[in-house]
Amino acid sequence: MSLAISWRLTVVSVPLSKRRCSSRYGSGRFRCSAEADLSDHSNGGESIERRKKVVVVGSGWAGLGAAHHLCNQEFDVTVLEGDNGFGGVEDVGNRGYWYPYKNIFSLVDELGIKPFTNWTKSAQYSEYGLEVEFPIFQDLPQLPSPLGTLFFTQFFQLPVADRFTSLPLMAAAIDFDNTDTAWRKYDSITARELFKQFGSSERLYKNVIGPLLQVGLFAPPEQCSAAATLGMLYYILAHQKDFDMLWCRGTVREKIFEPWIDSMKTKGCEFIEGRKVTGVSVNEETGYVSAVTCGTETYNADAVILAVGISTLQDLIKSRVDFGIMYSAVLCAREEFLKVLYLDSIDVVSVKLWLDRKVNIPYANNACSGFDDSFGWTFFHLNAIHDEHKDGPVTVLQADFYYANELLPQKDEYIVAKAMSYLSKCVKNLVNVAVTENEIKRFPKSLTHFFPGSYKYMLRGSTSFPNLFMAGDWIINRHGSWAQEKSFVTGLEAANRVVDCLEEGSFAKIIPVEEDEPHIEALRSLNRRFNEIRAQLPLSDYFL
């Protein structure tokens with residue numbers, strides 16, 4: 001017996017009296033969802049419940065993380081991606097996967113894929129040569145934090161006295177507990193001010209800490225927030241083994257995102273490429289977002305997740321007309337979104353080079369700085385990392401330049417020459433090697449700039465629209481993770497907010513960051529008590 005169903009699409013505004021409200025997730029704010037009652041008139045009026053529609057904008061770690069969980073909860077999920085293809089520009093920025101990336105490692109296990117290398121050593125170079133070798137810390141005797149990281153790291157040019165000037169910074173790391181109060185306290189000063197305040201030596205700052213920040217936060221330390229600095233450094237240095245890294249054995253898009261997307265497609269998730277979002281529609285009666293628009297196309301939704309970078313969201317917020325397409329002015333009417341316009345992003349230039357012979361490259365992954373005060377850079381020996389180049393007859397290198405404003409407009413020939421001049425200072429036997437092929441990619445405004453004072457402009461996971469949620473590495477959350485792991489976690493958090501809002505499905509289980517070591521927790525408890533007492537003293541908030 002066949003069942004013929006006739007559908008008629010009707011847009012209905014659901015009165016508030018017919019909405020369900022709950023506060024199952026988040027900070028106790030009530031969230032509402034419309035009850036759908038679709039009737040099959042050809043079957044005697046029996047009710048057929050439709051799947052709730054969720055539109056996810058963006059397909060990086062955050063967007064795919066949200067879509068993944070919502071697909072598993074049997075929502076009707078559509079993922080929209082603009083011009084960068086699925087996966088966006090996820091091969092730009094932090095390419096390594098640190099030991100505490102527990103949620104990402106759990107995901108790849110769930111997918112049954114093996115995208116990563118073994119744990120590897122890494123190095124850091126300055127204009128004077130090799131500065132630091134970072135070993136595989138988990139293979140060494142475990143010492144209390146931060147002694148293991150300090151003791152086992154090989155410093156080739158930095159005197160012992162300079163190394164120990166890093167210890168006073170632990171006071172700031174203990175005080176910075178990832179709370180809103182801590183972020184506001186430290187976000188107002190630069191990373192340079194922070195290290196100066198806690199007695200870092202000039203050589204430690206210039207040759208070790210500064211370069212780490214330039215390739216971890218993608219900007220010179222004097223233009224980085226001290227709060228973001230403490231958040232990143234504590235996340236990768238809280239335990240001795242946290243600094244250990246894996247690398248993807250190819251591009252992230254090829255090794256992780258493509259099989260991940262394929263798995264979601266089998267569950268009914270729809271992926272639509274080349275759709276630049278130009279606005280959102282809001283039901284004026286309920287205050288809920290009802291649809292996402294891409295030029296002349298409209299995608300209806302019961303909930304929306306914006307998992308995009310700062311520059312993409314800024315384009316969406318600004319009301320304007322481009323090529324005859326009117327961009328929505330809905331978001332710019334809300335103060336929280338207007339503040340986003342104060343945020344900034346960083347330019348990146350990526351250079352892939354094929355050399356004319358095999359060259360011995362000591363380390364597969366390397367952080368560099370000091371060659372130019374404007375930007376930091378990293379380079380990778382792809383023969384040692386990517387399956388594609390493992391048995392190749394020539395050497396293949398890749399160099400990424402961050403905060404690369406001055407490189408972005410240059411011709412390819414200039415960029416290749418600049419990259420080779422820098423590389424030959426790090427690896428001496430590159431001096432007489434010729435480049436046979438190159439690939440230059442430019443990524444304007446592609447990475448988050450955590451500049452001093454930026455925290456107050458950042459968005460949280462929930463917005464003033466009850467069914468519009470945010471995800472990404474620049475979204476405020478309290479998990480404590482960083483980079484790709486933070487993006488993925490905020491995607492799961494956004495999915496949980498959808499589950500709560502629409503009152504369907506189960507919450508994603510998010511693996512928390514490993515607890516502090518006992519001596520650190522004891523010092524943090526003592527510090528919190530001290531701050532509580534000090535706050536009760538007269539004139540405690542009088543001085544700057």
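Key figures
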{"read-out": "Integer Hz, Karplus 6.51/-1.76/1.60 couplings in order for segment 293-309, x for Gly and Pro", "value": "10, 10, x, 8, 9, 10, 10, 5, 7, 8, 8, 10, 10, 9, 10, 10, x"}
{"read-out": "Burial order of peptide ranges 467-475, 214-222, 525-533 (average beta-carbon count within 10 Å, highest first)", "value": "467-475, 214-222, 525-533"}
{"read-out": "Inter-probe distance in nm under a simple model that places probes 7 Å from Cα toward Cβ, at R249 and L143", "value": "3.4"}
{"read-out": "Matching label, Cα Rg over 2.2 N^0.38 Å computed from the structure shown, candidates (1) 0.95; (2) 1.10; (3) 1.04", "value": "(3)"}
{"read-out": "Gain on full stretching of the segment that runs from K456 to K102 - 0.36 nm per residue minus C-alpha separation", "value": "124.6 nm"}
{"read-out": "Solvent-accessible area of S462 with every protein chain in place, 1.4 Å probe, in Å² to the nearest 10", "value": "20"}
{"read-out": "T120 long-range amide H proximity, modeled H, under 5 Å", "value": "M245"}
{"read-out": "Anchor K411: lysines whose Cα lies under 29 Å away (excluding residues fewer than 8 positions away in-chain)", "value": "K276, K352, K358, K425, K428, K441, K445"}
{"read-out": "Theoretical gain in end-to-end length, E388 to S424 [0.36 nm per residue, Cα-Cα removed]", "value": "10.5 nm"}
{"read-out": "Inter-label distance for R524 and K411, nm, one decimal - labels placed 7 Å from Cα along Cα-to-Cβ", "value": "5.4"}
{"read-out": "Mean separation of Cα contacts under 8 Å, 6 or more apart, over the residue count of segment 262-309: relative contact order %", "value": "24"}
{"read-out": "Fraction of accessible area attributable to carbon and sulfur, segment 408-537 (%, probe 1.4 Å)", "value": "55"}
{"read-out": "In order through segment 205-215: 3J(HN,Hα) via Karplus (6.51 cos²θ - 1.76 cosθ + 1.60), integer Hz, x for Gly, Pro", "value": "5, 6, 9, 10, 5, x, x, 4, 5, 5, 9"}
{"read-out": "Segment A333-K267, length gained on full extension (0.36 nm per residue, minus Cα span)", "value": "20.1 nm"}
{"read-out": "Cross-link partners of K486 among lysines (Cα-Cα below 16 Å; sequence separation of 8 or more within a chain)", "value": "K102, K509"}
{"read-out": "Amide H contacts of R95 (H built 1.01 Å from N, under 5 Å, at least 5 apart or other chain)", "value": "none"}
{"read-out": "Vicinal HN-Hα couplings computed from phi for segment 52-67 (Karplus, 6.51 cos²θ - 1.76 cosθ + 1.60; Hz; Gly/Pro x)", "value": "6, 8, 10, 9, 10, 9, x, 10, x, 4, 5, x, 5, x, 5, 4"}
{"read-out": "Nitroxide proxy distance, nm - points 7 Å out along Cα→Cβ at D109 and D83", "value": "4.1"}
{"read-out": "Two-site FRET efficiency, L537 against F198, from Cβ-Cβ distance with R₀ of 25 Å, rounded to 0.05", "value": "0.60"}
{"read-out": "The chain - mean residue ellipticity at 222 nm from DSSP helices (-39,500 (n - 2.57) per run, n ≥ 4, rounded to 500)", "value": "-8000 deg cm²/dmol"}
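The values are calculated or read from the model by the stated rules, or taken from the named source; none is laboratory data. Predicted model only: the values in this text are computed from it and were never measured. So basically every Cβ, Gly included, is an ideal-geometry build from the backbone, and we count neighbours across all protein chains shown. Side chains included, ligands, DNA and RNA excluded: accessible areas come from the protein's heavy atoms. Shrake-Rupley method; radii C 1.70, N 1.55, O 1.52, S 1.80 Å.
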